[in-house]
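The values are calculated or read from the model by the stated rules, or taken from the named source; none is laboratory data. Since the structure is predicted, the reported quantities are computational estimates derived from the model, not experimental observations. Ideal geometry is used to build each Cβ from the backbone, glycine not excepted, and the neighbour counts take in all protein chains shown.
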Amino acid sequence: MIFVRRIGGSTIRDVTIKVADKEDLLFMLGLESLGMKRTVACVITFLKDQKERSSRDIETATGLRQPEVSIAMQTLRERNWLTEHEITSNEKGRPLKIYALRATIDEIINYCEAEKIRESARISEAIQRLKELSSA
């Protein structure tokens, strides 16, 4: 949950961030074992249980640096797995980006499965060609 208070003209954000548990770690490692980059797997694992979160919240919760979060978000954006919008504060500075998963976890897992099936088919074809060439 994010709570925002105004005290003496300043905005204070109290942020409660879910800490990864053993299941989250296993989920992230599972995504990585399917070939997903660690940073992307980390962000998906964090966002899967969240309604929406800021890029700063993602950095804090995952331990990733801002450039790593940005690169992971680009991958999620390219796959159309992400919704995002900006919120501006009355103070100076850049707007804060807010992210949420658009894709369901089942859709993400199905994508990974389909990629592995395609990869397996390519490998099988290459092996078959090598066998044919070696027996010629």
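Yes/no matrix, rows are residues, columns are (1) part of a loop (DSSP other than H, G, I, E, B); (2) exposed (fewer than 12 other Cβ atoms within 10 Å of the Cβ); (3) out of contact with any Pro (no Cβ under 7 Å at 6 or more places or on another chain):
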site	(1), (2), (3)
P67	no, yes, yes
M73	no, no, yes
K92	yes, yes, yes
I98	no, no, yes
I108	no, no, yes
E115	no, no, yes
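Taking the criterion of being part of a helix (DSSP H, G or I) and free of Cβ contacts under 8 Å to residues at least 12 places away in the same chain, the residues of region 75-90 that qualify are R77, E78.
Which one of these does S55 not meet: (1) polar (S, T, N, Q); (2) surrounded by 14 or more Cβ atoms within 10 Å (Cβ to Cβ); (3) modelled with pLDDT of 95 or more? The one condition S55 does not meet is (3).
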